[in-house]
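Asks: Would you mind keeping the following structure in view while I ask a few things?
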Amino acid sequence: MEKYLVIKGPYLRSADITKRNTSTIMRDVLIALLPSIAFAIYKNVVLVLINGIYSSIYHAIYPIITLILAPLTSLICEAISLWVMKKRGIKTFKDLVEELKVSYGIFPGLFIVLISPTYIPLWVLLVSVAVGEVVGKMLFGGFGQNIFNPALVGRAFMAFTFSSHLGDAYLTSYELTIDAYSAATPLTSYAKAGAASIDIVNNYGGMFNLLIGNYPGALGETSTIAILIGAIYLIIKDVIDWRIPVVYLGTMFFITMIIGFIMGQGLWFPLFQILTGGVAFGAVFMATEPVTSPKTHLGRIMYALLLGELTVLFRLVGNMPEGVATSIVTMNIVGLMINKYVTKLRVEDKLTKKNCYGLVIFLVFFVLLFVYDVVMGVK
């Protein structure tokens, strides 16, 4: 007689989640985003108006305009896609409206604008939103069927197709007047410097300023404090698994701490890597997306470990100053294999804690080997 190790679910994709539960989850995600949205408006609109450095009212309130138009564009693209593809038996306009109520079409656009440069040209933003919505979500079948995070598909398209339009789009008109911000974001400054120096942190107001988020960066990614408030809310509401953001950030911190130590840098180096480049936002809102992240606890730990390693690799060895979006999109593919492997382990009759510990030890060894390779690459 076969023996099975039964562990508390979920075992499969959340296709059986009720509309009510899904609506509650998406509502909680929106609530968790509010601190980041509020800080984005304060930093990029209120402070600009207070300092009076803007060419027109349209320019001053541009971030608010993008926060409205990006989700609206996403919703319109979803409606058109549903109607053209006649998904889920849609025959009338009433059917379309009912489907839009449970497809949550505003979220890809909302996430894309929050992880994009503040003053990205409107046409670039809206084209990227359309690509993320249609290619990243609707072509796979719509809500719950995508294998890639739709927002990151749109953001990757923006980065690779319209890179020449980014540049100073990260800086507000007030930040453009500050000489220390001439290299745009802190990570861009670090990449251009060619060597690690705490002067980079000081140029942006110090570590506490980076924690608050008062420095050039993507619209909704700069304030780690606002993001952590949202993370705590989502964890309390059991919307996200704490393992993914904690292991992801912990892996990045551990690796960059060792690299910084070898390079003769202090604790500022790993903190700088964690507080900049959208790492916190990616760890809380992007990497934890329920559709594209692994479904088991062990799978999520493996996923987050590899995600942290990839982000460090892309940043310090590759030519991607941030690396978060590319890492998560890459791990969306690997996550499918992790799901298959770990789900199979859950019904193996020989699965024991020893097997799990062995796997974790192997991953830790892999991390240490990875650190060595990165250090050699940096040198």
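The values are calculated or read from the model by the stated rules, or taken from the named source; none is laboratory data. These numbers were taken from a predicted model, which means no experiment stands behind them. Positions of Cβ are generated from backbone atoms using ideal geometry, with glycine treated the same way; all protein chains shown enter the neighbour counts. Heads up: the accessible areas ignore ligands, DNA and RNA and are worked out on the full protein's heavy atoms, side chains in. Shrake-Rupley method; radii C 1.70, N 1.55, O 1.52, S 1.80 Å.
Asks: Using unit Cβ charges (K, R positive; D, E negative) and no other charged atoms, how large, in debye to the nearest 20, is the dipole of region 21-164 about its Cα centre?
Replies: Values: 10 positive and 6 negative charges, 39 e Å.
Charge dipole, region 21-164, about its Cα centre: 180 debye, nearest 20.
Asks: Label-point separation (nm) for Val102 and Trp83, each offset 7 Å from Cα along Cα-to-Cβ?
Replies: 2.1
Asks: Given a 1.4 Å probe and every protein chain left where it sits, what share in percent of the accessible area of region 21-164 is carbon and sulfur? Before the final figure, lay out the partial values.
Replies: Working: 4500 of 6200 Å².
Answer for region 21-164 is 73 percent, counting heavy atoms of protein chains only.
Asks: I've got another one for you. Please compute the per residue accessible area over region 21-164 with all protein chains in place, 1.4 Å probe, rounded to a whole number of Å².
Replies: Numbers: 6200 Å² over 144 residues.
With all protein chains present, region 21-164 gives 43 Å² per residue.
Asks: Now a separate question. Sort 203-210, 221-228 by the packing proxy (mean of other Cβ within 10 Å over each peptide's residues), most packed first. Let's see the in-between values first.
Replies: Numbers: 203-210: 16.5, 221-228: 23.1.
Ranking the peptides 203-210, 221-228 by packing returns 221-228, 203-210.
Asks: Could you point to the residue in Leu49, Leu30, Leu122 farthest towards the positive end of region 21-164's charge dipole, with +1 and -1 charges on the Cβ of Lys/Arg and Asp/Glu respectively?
Replies: Highest projection toward the positive end goes to Leu30.
Asks: Given points 7 Å out from each Cα along the Cα-Cβ axis, report the Leu228 to Asn202 separation in nanometres with one decimal.
Replies: Those two pseudo-labels are separated by 2.5 nm.
Asks: I want to make sure I understand the PRE zone here: with the label point 7 angstrom from the Cα of Ala193 toward its beta carbon, which residues in region 273-302 have backbone N atoms less than 16 Å away?
Replies: Of the residues in region 273-302, 273-277 have backbone N under 16 Å from the label point off Ala193.
Asks: Which trypsin sites (Lys or Arg not before Pro) from region 32-133 combine a DSSP loop assignment with at most 13 other Cβ atoms within 10 Å? Intermediate values should be presented prior to the final figure.
Replies: On the way: sites: Lys43, Lys86, Lys87, Arg88, Lys91, Lys94, Lys101; in loops: Lys86, Lys91.
Sites meeting the loop and neighbour criteria: Lys86, Lys91.
Asks: Still on this structure, I have one more. Efficiency by 1/(1 + (r/R0)^6): what FRET value for Ile64 and Met263, r their Cβ-Cβ distance, R0 = 35 Å, to the nearest 0.05? Don't skip to the end; give the middle numbers.
Replies: Details: r = 42 Å, r/R0 = 1.19.
Computed FRET efficiency for Ile64 and Met263 comes out at 0.25.
Asks: At 7 Å along Cα-to-Cβ for each site, give me the label-to-label distance between Lys94 and Leu139 in nm.
Replies: Distance between label points: 3.5 nm.
Asks: Assuming 0.36 nm per residue, please report the length gained on full extension of the stretch Tyr42 to Ile333 beyond their Cα-Cα distance.
Replies: Working: separation 291, 0.36 × 291 = 104.76 nm, distance 3.66 nm.
Residue separation times 0.36 nm, minus the Cα-Cα distance, leaves 101.1 nm.
Asks: Please compute the length gained on full extension between Ile57 and Ile147, using 0.36 nm multiplied by the number of residues separating them and subtracting their Cα-Cα distance.
Replies: 28.4 nm
Asks: Could I ask something else about it? Read phi for every residue in region 64-75 and hand back ³J(HN,Hα) as whole Hz from Karplus 6.51 cos²θ - 1.76 cosθ + 1.60, θ = phi - 60°, with x for Gly and Pro.
Replies: 5, 4, 5, 5, 8, 6, 5, x, 5, 4, 4, 5
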